[in-house]
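Below you'll find the structure, written out as C-alpha cells, and then a few comments.
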Amino acid sequence: MILRRCLHIAAVLLLLPFTGAAAQAVYVSSSRGDDSASGLSASDPVRTIAHARELGSDIRLREGDTFYEYLRGRGFTLRPYREGRSRGSMPVISGFRIIPEAASSRLWQRGSRDSEGSWHPDSGGCIWRLDLMADGFAGYTGNVPENDHRNIHNVGALYDPATDKIYGRKCQCMSREEFETLSEKKTESPYRYMERDMDFFQVRGDYRYLYVLASDPGMLQDRELWLSMGADGIRGNEFSVTGVKFTGWGKTAVRGGSHIRVTGCIFDIIGGSTHEYEPYWIRFGNGVEFWADQSVDVEVCDCRFSRVFDTATTIQGPMSRDKDSRCSDIHIHHNVMERCRQDFEVWVRSGDGLMPERCSFTRNIGRDCGHNGFDTCEYNNTHLLHYILSPYRVEDIAVEDNEFYGGMGLYYANSAMDNMAIGCNIYHCAQGAPVIRGLYGNLEIDAPVRENGIYRFAEGMTDDGELIWGYARSRREALRRFCGFINALTGGSGFRLKLGDR
C-alpha cells in the first residue's frame, strides 16, 4: 500500500509541469496586449501566444479575443481569463485567413481556362484566381516554422461569416477534360472537377493560387470571405487546454501524443485540406487526433464538435513492437458531436498483434453524421468508423453508453465487422435508414421497414454475404431480432435501435 501511494504521488509530480499548478500565469490579449508588456497580470497582457510561451507555461487567454496563430511544443496549459464579473465568449484559436470586403475586388482576378488547360485573365470568365501570397489579407498569417505556401496555403474550405455557410467542395481538377486524363480518378469521391458555383481548386503541391468557379462576380467581390488554412491548431505533448474554441484549421485542430487533457472546448469548421504525402489525391482533417504509436494518458471530455470534415475524434496510426509503440489510456467521454463526417474513428495497422489498450469512447452524443457542410457524400459517413488494417481484433477499446441520432449510418468497418465491438449504444434513426456499412461499401444493412402492416428486416447473413430477411408484425419483435443480429455481427452486446417514423 505504501509503495502504491508513493508511486501515485510520483506520477502526480511528473504531471505538474504541464498542469501549471506551480507555474507563473502569463496573460495574453490579442485586442489589448503588447508583446513588450510583462504579461504577469490581466492589466498588462502580452499580445501573442507565441511570445507568452517564451515567458511561461501557464497561458491565460482573454475571453472574447481571437488568436490567429498556432502552438507547438510540450509542457503548457491554455485556459481563459475574464475581465470584470461578466462572463465573455470563449477565446478563439483560429486558422482562418480573411479576405476583407474592402480588399476583395483587388485580390480576386477574373479569368478562364484556355484550350491548353491554363488559367488566364479574362474579363468575361467565371474562374476567379486568388494569390494567397499577396498583401491585403487579415487573420491568420502563418506563424509556422515551415512558413511556405506548400503548407499554410493548402485551403480546406471557404466560409461566409455573414450567412454562416461553408463552401467545402475542393476539387481534384479544374475541368472535366483534365479529370478524364488522370490515372487515379477516385471516382467514388464527389470532388472531381469544378462544375458548380463556389467549387474551388488548387494545384497539388503548389498551393499559392486558389481557383474558384463563380458565375456572378458578387459571389466573391465586395464580400468578406474566410479561408481555412492548412495547419494544425495545436500539436505536441504534455499539455492541457480548457475552455477554448478552435476554428478554421484546414488540417487538425488538436494533434497530440501523451499526457494531454482537452476539456470544455469547442471545435467548428475543421479540416478539408488535401493530403501532401499520399501518392493519390485525398482530403482529410480531424477535430482531435492521437497517434496509436505514441499516445498514453489522454482525456477529451465536455467538448462540442461541429462541421468537422473528417472525424471529430480519432486514434490512428501504425503500431509495432520493434518501434516500441505505446497506445493506452485514451478516454473520450461526455462530448457532443454534431454534423461531423464521423464521431469516432479507430485506424490501426499492426502486423504483430499490438493494439491500443484501456481506451474508451463513452457517454458521448452524436448527431447528423455526414452532413458536415463539405458535401462529403461517401459510403463511410457514419457515426463510428474503424479501419483495422490487421488480422487482430481490438479488444480493449470500449465503445459504450453513447447515443447517436440520425445521420448517414451508425457504423462502418473496412474489415471484419467484429474487429471492434460497438457495445451498449443507442441509435435513433428513421425506418429504412442505414445502420451498418462495411467491406469498402459492399455491405449495407438498413433499419427495419414497415410494409403492409409487417416489419421487414435483416436478421442473418449467408456464407456468401447475402442478407437473410426476417418478418414480424410487432415493432418490438422486429427490433429485438434485428438488434440481436447487429450485436452478433459486430461482436458487441446491448445495442439498441430507437426507430422513428419515415
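Any residue that is under 28 Å from Asp501 (Cβ atoms) and outside any loop (DSSP other than H, G, I, E, B) - is there at least one of those in the stretch 386-398? Full working, then the answer.
Taking the stretch 386-398 and keeping what is under 28 Å from Asp501 (Cβ atoms), we get none.
Checking the stretch 386-398: not a single residue is under 28 Å from Asp501 (Cβ atoms) and outside any loop (DSSP other than H, G, I, E, B).
Applying the selection to the stretch 247-275, what residues are farther than 21 Å from Thr376 by Cα and assigned to a strand (DSSP E or B)? Write out each step before concluding.
Just the residues of the stretch 247-275 that are farther than 21 Å from Thr376 by Cα, to begin with: 254-266.
Those that are farther than 21 Å from Thr376 by Cα and assigned to a strand (DSSP E or B): Val254, Arg255, Gly256, Ile260, Arg261, Val262, Thr263, Ile266.
Filter the stretch 98-131 for residues that are part of a loop (DSSP other than H, G, I, E, B) and acidic (Asp, Glu); which is surrounded by the most Cβ atoms within 10 Å (Cβ to Cβ)?
Initially, the stretch 98-131 is screened for residues part of a loop (DSSP other than H, G, I, E, B), giving 100, 114-118, 122-126.
This time we only want the ones that are acidic (Asp, Glu), so: 114, 116, 122.
On the way: Asp114: 11, Glu116: 6, Asp122: 14.
Filtering first and then ranking leaves Asp122.
Val288: β-branched (Val, Ile, Thr), within 12 Å of the chain's Cα centre (by Cα) and farther than 17 Å from Ser360 by Cα, yes or no?
Numbers: β-branched (Val, Ile, Thr): yes; within 12 Å of the chain's Cα centre (by Cα): yes; farther than 17 Å from Ser360 by Cα: no.
The answer is no for Val288.
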- List the number of the failed condition for Arg4; all other conditions in (1) modelled with pLDDT of 95 or more; (2) exposed (fewer than 14 other Cβ atoms within 10 Å of the Cβ) hold. (1)
- Message: Residues that are of a type in the set (Asp, Glu), at least 1 per element: which strands (runs of 3 or more DSSP E) completely within the stretch 321-363 meet that?
- Response: 326-333, 336-338, 342-349
- Item | Scope the stretch 204-217; condition within 15 Å of Met229 (Cα to Cα) and not in a strand (DSSP E or B); matching residues | Arg204, Gly205, Asp206, Tyr207, Arg208
- Message: Just to verify a result, which residue in the stretch 340-369, among those that are without any contact (Cβ under 8 Å) to a residue 40 or more places away in the chain and surrounded by fewer than 22 Cβ atoms within 10 Å (Cβ to Cβ), is nearest to the chain's Cα centre (by Cα)?
- Response: Asp368
- Hey, can you tell me all the residues within the stretch 143-177 that are among the charged types (D, E, K, R) and either surrounded by fewer than 17 Cβ atoms within 10 Å (Cβ to Cβ) or modelled with pLDDT under 90 (or both)? Glu146, Asp148, Arg150, Asp160, Asp164, Lys165, Arg176, Glu177
- Does Tyr207 satisfy being under 30 Å from Phe67 (Cα atoms), modelled with pLDDT of 95 or more and of a type in the set (Phe, Trp, Tyr)? no
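Take Arg261 and tell me if it is assigned by TED's automatic domain parsing to the domain that holds Thr163 and not hydroxyl-bearing (Ser, Thr, Tyr).
Details: assigned by TED's automatic domain parsing to the domain that holds Thr163: no; not hydroxyl-bearing (Ser, Thr, Tyr): yes.
No.
The values are calculated or read from the model by the stated rules, or taken from the named source; none is laboratory data. Since this is a predicted model, take the numbers as computed values, not measurements. Don't worry about glycine lacking a Cβ; one is built from the backbone with ideal geometry, like all the others, and counts go over all protein chains shown.
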